[in-house]
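K.L.:
This structure is in structure tokens; I'll ask about it shortly.
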Amino acid sequence: MYWIAFISFILMNYKVASKISNKNLEEILIIGFTIYTSSIILTGYGLSALDLWNSRILWAIVPFFITSLIYYFFQRPVFAFEMEHISAFKVIGHAIQTTHQTYVKLTGVERFIFACLFWSFLVVCALQITLVFNSPPNEWDSMTGHLNRVIYFLKQGSMSHFIGTNWNIDTYPRSFCSLQVYPFLMSRYNEYLFKLPNIGSYWIISFGIYGILKNLGVKFKTRLFLSMLFLFLPNVLMQSITTETDIVLAAYLCSIVYYLVAYRKQEKTIYLYLAGLTFGLALSHKITFVFSFIPLLILYAYCFLPVIQKKAFFVFKHVIIAHLLGIVLFVAATGYISNFIHYGHPIGPPTATQHQSVERAGSLGNLFVQGSRNVVRYGFDLFNLDGLRNIMVVEKLNHMMKTPFRVIDQGLHLGLERVTEFTIIPFTFDKRFEFYNGSPIYGSIFIFIILPSILMFIRRPNWTQGLFLLAFAIHFATLAFTAAYDPWKGRYMISSAIYLFPLLGYMASYIFERKHTWSVNLIFGMVVVIISLSAIFTLGLNIRALPFTAYGKKSILELDRISALTINRPDVTKAYQNYEKLVPNNAIVALGTINDDFEYPLWGEKFSRKLIPLNPFEQGIQAIPAKADYLFFSKQVFKPQQGDIRLGTDTTLVEGVLVRGEDYYLRKLH
């Protein structure tokens, strides 16, 4: 029944999307994504307010009503006269026909390029499907914060203020929790489906890039190539199989940019409201969306100025109403106001803001110096063969490629490696394996496609593409100046790429719209092969989710659940396995853990245990409640006593360990 409701709801959203705007396939998919996320998030806010967030039956029913209300909203006269009524089957058929007609006319080298991308993409899709539906999530933030708090919210029936061991549980925006919990509940607590928002966003971004380029007037072969190329970016691929949040933010951003350029081309009021609603969705999702405020302002000016000259009052009125509507509906309840009430800051307590924000830099002068260093650091992080670096031979080549940069750093005393005051993890030209494997960036696409496009732009500037390049540069600089350097922040650059990809029309047009010698065509073919192999190795040799045995390690498909969940912390795996054996499925467990500890695995495979944090963030140690059956604790939090069971953390293990695990104990209380 619940599966039927889930699938029916998805189909309903795309049916509504086809009614609202049935112009082309990519637009139907993008609008359907906006409606789906809007309905689920509003359902989550409403059920949370009623303390019914854990009601499966209401989750199966309420979203249908929200989508219906959205549909009726877009039936208003201001939108109705703009709508086009075309059969969805006709739209899909036209898309297939156009692709086939174009393929027939391709040259030999073009056929090779698209065939290589297509077959490589099939391999990538096979890896994605295998990993998404056959392995549990195991990302660090999910184990300590994101997914862990979803279960806490389910247990208490709402997303109301709750201070957990990790500060993310209470202070992180709450809208994404609803997107994660909906398929989780509809599938009877199948944790694999926590990844559905990510894999869905992966596809939406590709169609969004295609639609943006189409509205900018880019030719079919070029926009098809670039929309496929985005799917091969290592950081995009990596997040597509995880429960991290940045790829979903990028999908929101891509949708906003699509609505803006669509409005510039077609001047339909509906795009103003879709952009406003999606703006609210993005801001409700993650505070790092503020990195896009200035870049989006540039694009707003570019897209709205031609229309403002004709009907300024109309445009301003509807832009303001649309964005206020998005902020009121999605941002007000997401947690920023709650954070301000409890901590005096919309992001959270001082511990959080000083660790991950601009406040860590101190004075404005020091921020300018350290932020400038970070721009260069992240620039060098881009200049890597990420994806391919998972092969040690390529990593040696990558090391040799960085030799001149090390000489420049040392000769000019830039302090990129030496100075560490505005870094979370110090910068090195040779990032350790766990970093470039776990959070790659653009890889060979940056070296072979992006850099040449930038050079071609400098030689032949274009006004429109220049604005997108400026938006990218500002987003990139904002990342560098607003927070300390962190090698994991490559994931933020998924959003940066949204602004960057229109510029790549330079290189793509050069490939497809000019005649070349056989040697140049050979180079193009080799580049596509390298990019394709990079995509396959990004997933195929991903240490956190190996689809088959590699590096002397077992495939994640062969591991037991606890081993898979703690794959990032091999020193604590045995302790968690012993905990799972000793603690009954329905036990009440008090937790004496610290901020970095993985709490998500402690709920049990059926999520039937109840956990009570005794060391809530910045609250001090709490008394052990009388109703607790067991105490799971770190030696750092509680002192072991006679009768406690040492669970078996390997305190000697160093290889592959980013943060040493705690020495865990279990105490039976009754």
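K.L.:
Could you tell me how far the Cα centroid of the stretch 23-70 sits from the Cα centroid of the stretch 145-212, in Å?
P.N.:
After rounding, the separation between the Cα centres reads 14 Å.
K.L.:
Please report the antiparallel percentage of DSSP beta bridges with both residues in the chain, rounded to the nearest 5.
P.N.:
45
K.L.:
Expected output is a single nm value to one decimal: the length gained when fully extending between L106 and I594, i.e. 0.36 nm times separation in residues minus the C-alpha distance. What is it?
P.N.:
Extra length from L106 to I594 when fully extended: 169.8 nm.
K.L.:
Taking the Cα centre of the chain as origin, work out the dipole magnitude from +1 charges on Lys and Arg Cβ and -1 charges on Asp and Glu Cβ, in debye rounded to 20.
P.N.:
Working: 57 positive and 39 negative charges, 296 e Å.
For this selection, approximately 1420 debye.
K.L.:
Between I337 and V78, what FRET efficiency comes out of the Förster formula 1/(1 + (r/R0)^6) with R0 = 41 Å and r the beta carbon distance, rounded to 0.05?
P.N.:
0.85
K.L.:
Hey, can you find the accessible area per residue of the chain for me, probe 1.4 Å, expressed in square angstrom? Walk me through the numbers on the way to the answer.
P.N.:
Numbers: 26540 Å² over 670 residues.
On a per-residue basis, the chain sits at 40 Å².
K.L.:
Where Lys and Arg each count +1 and Asp and Glu each count -1, what net charge lies around S160 among other residues with Cβ under 13 Å from its Cβ?
P.N.:
Combined, the nearby Lys, Arg, Asp and Glu give +1.
K.L.:
Heavy atoms only, 1.4 Å probe, whole protein assembly: order E244, E605 by accessible area, highest first.
P.N.:
Sorted descending by solvent-accessible area, the residues read E605, E244.
K.L.:
Treat each spin label as a single point 7 Å out from the Cα along the C-beta direction, and report the I458 to I645 distance in nm.
P.N.:
About 6.4 nm, to one decimal.
K.L.:
How do the peptides 322-329, 620-627, 548-555 rank, highest first, by the average count of neighbouring beta carbon atoms within 10 Å per residue?
P.N.:
Values: 322-329: 17.2, 620-627: 10.4, 548-555: 12.6.
In descending order of packing, they fall as 322-329, 548-555, 620-627.
K.L.:
Can you tell me the 0 to 90 degree angle between the C-alpha axis of helix 2-20 and the longest principal axis of the chain, rounded to 10?
P.N.:
For 2-20 against the chain, the angle is about 30 degrees.
K.L.:
Next up: Using C-alpha positions alone, give me the convex hull volume of the stretch 118-174 per residue in cubic angstrom.
P.N.:
Per-residue hull volume (Cα only) is 111 Å³.
K.L.:
Could I ask something else about it? Of the heavy-atom accessible surface of the stretch 206-283 (probe 1.4 angstrom), what whole percent is carbon and sulfur?
P.N.:
56
K.L.:
Would you mind pulling out the separation of the Cα centroids of the stretch 89-135 and the stretch 387-432, in Å?
P.N.:
The stretch 89-135 and the stretch 387-432 have Cα centres separated by 36 Å.
K.L.:
Give me the one-decimal Kirkwood hydrodynamic radius in Å for the stretch 455-516, with the sum taken over alpha-carbon pairs.
P.N.:
About 13.0 Å for the stretch 455-516.
K.L.:
Compute, for the stretch 556-670, the length of the dipole vector about the Cα centre, with Cβ point charges of +1 (Lys, Arg) and -1 (Asp, Glu) only. Units Debye, rounded to 20.
P.N.:
480
K.L.:
Ignoring any ligand, DNA or RNA, what whole percent of the accessible area of the stretch 478-616 comes from carbon and sulfur when the probe is 1.4 angstrom?
P.N.:
Here it works out to 60 percent.
K.L.:
Apply the Kirkwood formula to the stretch 132-273: the hydrodynamic radius equals the inverse of the mean of 1/r over all pairs of different alpha-carbon atoms; give it in Å with one decimal.
P.N.:
16.7
K.L.:
Can you tell me the FRET efficiency between I4 and F405 if r is taken as the Cβ-Cβ distance and R0 is 56 Å, rounded to the nearest 0.05?
P.N.:
Working: r = 57 Å, r/R0 = 1.01.
My answer for the efficiency is 0.50.
K.L.:
Moving on to the next point. Could you state the angle between the C-alpha long axis of helix 364-382 and the longest principal axis of the C-alpha atoms of the chain, as a value from 0 to 90 degrees rounded to the nearest 10?
P.N.:
Long axis of 364-382 versus the principal axis of the chain: about 70 degrees.
K.L.:
Along the charge dipole of the stretch 422-573, pointing to its positive end and built from +1/-1 on Cβ of Lys, Arg, Asp and Glu, which listed residue (A477, I447, A535) has its Cα farthest out?
P.N.:
Comparing the listed Cα positions along the dipole, I447 ranks first.
K.L.:
Using 0.36 nm per residue, how much length does the chain from H413 to Q156 gain when fully extended, once their Cα-Cα distance is taken away?
P.N.:
Additional length available on full extension: 87.1 nm.
K.L.:
Would you calculate the separation in nanometres between label points at T652 and H670, each defined as 7 Å from the Cα along the Cα-to-beta-carbon direction?
P.N.:
With each label placed 7 Å out from Cα toward Cβ, I get 4.0 nm.
K.L.:
Peptides 148-161, 107-120, 471-484: what's the order by average Cβ count within 10 Å, highest mean first?
P.N.:
Details: 148-161: 19.2, 107-120: 15.9, 471-484: 20.9.
Per-residue Cβ counts within 10 Å, averaged per peptide and sorted highest first, yield 471-484, 148-161, 107-120.
K.L.:
Once you treat every alpha carbon in the stretch 2-158 as an equal point and sum by Debye, what is log10 I(q)/I(0) at q = 0.09, 0.15, 0.19 Å⁻¹?
P.N.:
Each listed q corresponds, in turn, to -0.49, -1.05, -1.21.
K.L.:
For the stretch 415-558, what ratio Rg/Rh do Cα atoms give with a Kirkwood hydrodynamic radius? Write down the numbers at each step before the final one.
P.N.:
Details: Rg = 18.3 Å, Rh = 17.7 Å.
Value, to two decimals: 1.03.
K.L.:
Checking the table K15/K311; K90/K268; K219/K268; K15/K286 against a 26 Å threshold on Cα-Cα, which pairs fail?
P.N.:
Pairs exceeding 26 Å: K15/K311; K15/K286.
K.L.:
Between the stretch 251-287 and the stretch 318-335, what is the C-alpha centre distance in whole Å?
P.N.:
The stretch 251-287 and the stretch 318-335 have Cα centres separated by 12 Å.
K.L.:
Using only Cα atoms, figure out Rg for the stretch 360-465 and give it as a multiple of 2.2 N^0.38 Å.
P.N.:
Relative to the 2.2 N^0.38 Å estimate, the stretch 360-465 comes out at 1.21.
K.L.:
Also: Around I612, with a cut-off of 14 angstrom between Cβ atoms, what is the net charge of the other residues, counting Lys and Arg +1 and Asp and Glu -1? Intermediate values should be presented prior to the final figure.
P.N.:
On the way: positive: K155, R609, K610, K627, R667; negative: E599, D629.
Summing Lys/Arg as +1 and Asp/Glu as -1 gives +3.
K.L.:
Can you tell me the FRET efficiency between T420 and A473 if r is taken as the Cβ-Cβ distance and R0 is 25 Å, rounded to the nearest 0.05?
P.N.:
After rounding, the FRET efficiency stands at 0.45.
K.L.:
Give the angle, between 0 and 90 degrees and rounded to the nearest 10, that separates the Cα long axis of helix 293-326 from the longest principal axis of the Cα atoms of the chain.
P.N.:
Relative to the chain, helix 293-326 is tipped by roughly 30 degrees.
K.L.:
Hey, another quick one. Could you sort the peptides 450-459, 35-44, 384-393, 367-376 by per-residue average Cβ neighbour count (10 Å cutoff), highest mean leading?
P.N.:
In decreasing order of mean packing, 450-459, 35-44, 384-393, 367-376 become 35-44, 384-393, 367-376, 450-459.
K.L.:
Here's another thing I want to ask about it. Please work out how much length the chain gains when fully extended from S363 to F314, using 0.36 nm per residue of separation minus the C-alpha to C-alpha distance, in nm with one decimal.
P.N.:
13.3 nm
K.L.:
Less than 15 Å apart at the alpha-carbon level, and either on another chain or at least 8 residues along: which aspartates and glutamates does that give for K195?
P.N.:
Within the straight-line limit of under 15 Å, K195 reaches these aspartates and glutamates: E139, D141, E244, D246.
The values are calculated or read from the model by the stated rules, or taken from the named source; none is laboratory data. Predicted model, so just to flag it, every value in this text is computed and none were measured. Counting neighbours? That spans all protein chains shown, and the Cβs are built from the backbone with ideal geometry, glycine included. With ligands, DNA and RNA removed, areas are computed over all heavy atoms of the protein, side chains included. Shrake-Rupley method; radii C 1.70, N 1.55, O 1.52, S 1.80 Å.
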